[in-house]
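Novice: This is the structure I have questions about; it appears just below.
The values are calculated or read from the model by the stated rules, or taken from the named source; none is laboratory data. Since we're looking at a predicted model, the values are computed, not measured. Note: ideal-geometry Cβ built from the backbone for every residue, glycine included; neighbour counts use all protein chains shown.
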Amino acid sequence: MSQIKAGAFLSYVVVGLNSLVGILYTPYMLRMLGQSEYGLYSLAASVIAYLGIMDFGFGNAIIRYTAKFRAENNIKRQHSLLGMFSIIYFCIGLVTFILGLILYFNTDLIFDKTLSNVEVEQTRIMMLLLAFNLGITFCFSVFGSAITAYEDFIYMRIVQIFRIVLNTIVMIALLYYGYKAVAMVVTQTIFNFLTLFLNFVYFKYKLKLKLSFKNLEWGLLKEIGAYSFWIFIATIADRLYWSTGPFFLGAEIGAIAVAVFSVAVSLHHIYLSFSIAVSGVFLPKVSIMAAREASNMEMSNLFIKIGRIQFIIISFFIAGFIIFGKPFIELWAGKGYDESYYVAVIFFLSYLVVGIQMLGITIIQARNQVAFRSKCIFLIGLFCIASQYFTSKHWGPTGCALSIAIAYLLGDGVIMNYYYAKKQHLAICSFWKNIGKMAVIPIFFTIIGMIIFHNFSFSDTISLSIGIIAFSILYIPSFWKFSLNQYERELILRPLAGMLSKIKH
C-alpha cells in the first residue's frame, strides 16, 4: 500500500511539476519559436501520434497479466510472458518506423496546399525523428510495463521528475542559442532513450526479472489478444478525437490555426494529468481485486472514493480557468491566441465526466470487459472525425473542439454511465449524488468570480496572481468546509502533520 500512496503522491508531484513547466516554459518556447514554427511542431507530433495506435493495447495487457501471475506467485510464466511480448514489440517498433518512412516521403503530398516548401521540409524531418523515437520506445516498452505491474511507482515517478527537469533545462538552452523545433525533437529523443535504458537496468538488476524465450505461451496470446484488441480500438478512437483536428486544420487553414488549437490542447494535457494521476496507479491493485472476485460494493466504494479525490483537484482547476483563463492565455502565450481560451474551456467541461470516472476504465480493464466501451467510443469517434472535417473548415479550432466535446459527453458521459450502472453494477447514482453535493461550491464560486472579476483588467502577472490568490482564499476554505468528508480532510492533513513533525525534530 505504501507504494500506491507514495506513487499517488509523487504522481501529483509530477503533475504539479509538469504544470509549472508548462506555465513557465511554454510561453518562452512560443515566443522563441514563433506561432508558425510551433504550429509545424504540433502538426508533426499530431500526425505521428496516429502511429501510437501500433501498441495494440498490449501495454495494459502486460500490466494486467503480469500482476495476475504475480498474485499466483508464478515467476516462470511472468518471464515467458515478458519474453513473448519483447518479440512482439520489436516487430511493432520495426513496422512503426517503416510507416514513419512512408509518411516522411509523402509529407509534401499531404500539406503542399497550406505549407511552404521550407515548412514541408521541416515537418518531414520532425516526423522522421518522431517515428524513429516511437519505434525505439515500442522495442523497450515491455520493461516499463513490467515495472508498473510490480507497483514500483516511486522509481517511475522519480525518473519522470528528473526527466522533466533536465529536458526543460536543455530545451531552454537550445532555444536561447537559436535552435528551433527540429532540435527540440532531437532532445526529446535522447531523453527518451535514457529513460528506456534506465527502465531496462531497473528491470534486470532491481526487480531481477528476465526475458525468457523458452516455453512461450503463444496460445495465451489468443486470450490476451481478445483483451488487447478492444484496448487497441479505444486507442484508435482517442487518436480520432485528438489528432484529427490538427491534421484537418493544417491541411485546410494552415500552421497558425494548428498553433491556436495546440495551445488549448497543451492546457488540456495539464488538466488531463490531474485526472489520471491517481487512477493510473490503481490498475495492478484493481487487477488483483478482480482476480479474487472483489464484490461490486468494494469496487463501487473505490470508484466513488477516487472519483471524489479527482473532483477536488479538477473542479478547482476548471473554476479558476473559467474566471482567469482569458487574461492568463494572453499573458502566457502572447497575442493571437484569444480563441485558445474558448477551445480550452470546451475541452475542460466536456472531459469532466471522464476525468472523475477514470477508475471506471481501469475497473473494466481489470475485469477484461472493455469491449463495450471500445465499440462505443470507436463508433462515436467516426462521427467525431466526420464532424471535425466539416467544423474545421467553417469554424476553425472552436469547431473542432465542439465536435470533440459532443463525442465525449455522448460516449463517456451518457452511454458509459448507463453501462457502469447496468452491466458493471457500480453505484452510479451514489457516485453522482456525491459529486453533486461537492459541486455546489465550485459552481457558486465560478459564477460569483465571473461577476466580481468581469471588469478587472489583468494586464500583468502581478495583478493576475493577486486575483487568483484572492479567489483561492475564498474558495479553498469553503470547499474544505462544505465539500470534503472526514477521510479526504485526513488524507490532506496526515502528510502535512508528518512533514511538520519532521521539521520540529
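Novice: In the stretch 362-403, what count of residues is obtained for those that are aliphatic (A, V, I, L, M), out of contact with any Gly (no Cβ under 7 Å at 6 or more places or on another chain) and more than 30 Å from Glu293 (Cβ to Cβ)? Explain how you work it out, then say what you get.
Specialist: Restricting attention to the stretch 362-403, the residues satisfying the condition of being aliphatic (A, V, I, L, M) are 363-364, 366, 370-371, 377, 379-380, 382, 385-386, 401-402.
After this cut, where a residue has to be out of contact with any Gly (no Cβ under 7 Å at 6 or more places or on another chain) as well, the list is 363-364, 366, 370-371, 379, 382, 385-386, 401-402.
Checking the rest, the ones that are also more than 30 Å from Glu293 (Cβ to Cβ) come to 379, 382, 385-386, 401-402.
Counting residues in the stretch 362-403 that are aliphatic (A, V, I, L, M), out of contact with any Gly (no Cβ under 7 Å at 6 or more places or on another chain) and more than 30 Å from Glu293 (Cβ to Cβ) gives 6.
Here's the yes/no breakdown for (1) at positive phi; (2) buried (at least 20 other Cβ atoms within 10 Å of the Cβ); (3) under 28 Å from the mean Cα position of the chain (by Cα); (4) not assigned by TED's automatic domain parsing to the domain that holds Tyr179:
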| position | (1), (2), (3), (4) |
| --- | --- |
| Tyr89 | no, yes, yes, no |
| Thr96 | no, yes, yes, no |
| Phe105 | no, no, no, no |
| Asp108 | no, no, no, no |
| Phe111 | no, yes, yes, no |
| Ser116 | no, no, no, no |
| Arg124 | no, no, yes, no |
| Phe132 | no, no, yes, no |
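Novice: Restricting to the stretch 356-375, name every residue that is surrounded by fewer than 24 Cβ atoms within 10 Å (Cβ to Cβ) and within 13 Å of Leu272 (Cα to Cα).
Specialist: Passing the criteria: only Met358.
Novice: Taking the options Leu209, Leu198, name whichever one is free of Cβ contacts under 8 Å to residues at least 40 places away in the same chain and crowded, with 17+ Cβ neighbours inside 10 Å.
Specialist: Details: Leu209 fails: free of Cβ contacts under 8 Å to residues at least 40 places away in the same chain.
Residue meeting the stated conditions: Leu198.
Novice: State all residues of the stretch 350-403 that are hydroxyl-bearing (Ser, Thr, Tyr) and within 19 Å of the chain's Cα centre (by Cα); if no residue qualifies, say none. Full working, then the answer.
Specialist: Filtering the stretch 350-403 for residues hydroxyl-bearing (Ser, Thr, Tyr) gives 350-351, 362, 374, 387, 389, 391-392, 398, 403.
Listed by number, the residues that qualify are Ser350, Tyr351, Thr362, Ser374.
Novice: Here is a further query. Restricting to the stretch 159-207, name every residue that is modelled with pLDDT of 85 or more and assigned to a loop (DSSP other than H, G, I, E, B).
Specialist: Listed by number, the list is empty, since nothing qualifies.
Novice: Within the stretch 421-442, which residues are in contact (Cβ under 8 Å) with a residue 12 or more places away in the chain and of a type in the set (Val, Ile, Thr)?
Specialist: Ile435, Val440, Ile441
Novice: Give me the pairs: first residue in the stretch 400-420 and on the phi > 0 side of the Ramachandran plot, second residue of a type in the set (Asp, Glu), beta-carbon distance under 7 Å, and six or more apart or on different chains, which are they?
Specialist: Every condition considered, no pair remains.
Novice: Cβ-Cβ distance below 6 Å, separation of 6 or more or different chains: which pairs start in the stretch 179-195 with a residue that is among the aromatic types (Phe, Trp, Tyr) and end on one that is part of a helix (DSSP H, G or I)?
Specialist: Final answer for the pair search is Phe191/Arg163; Phe191/Asn167.
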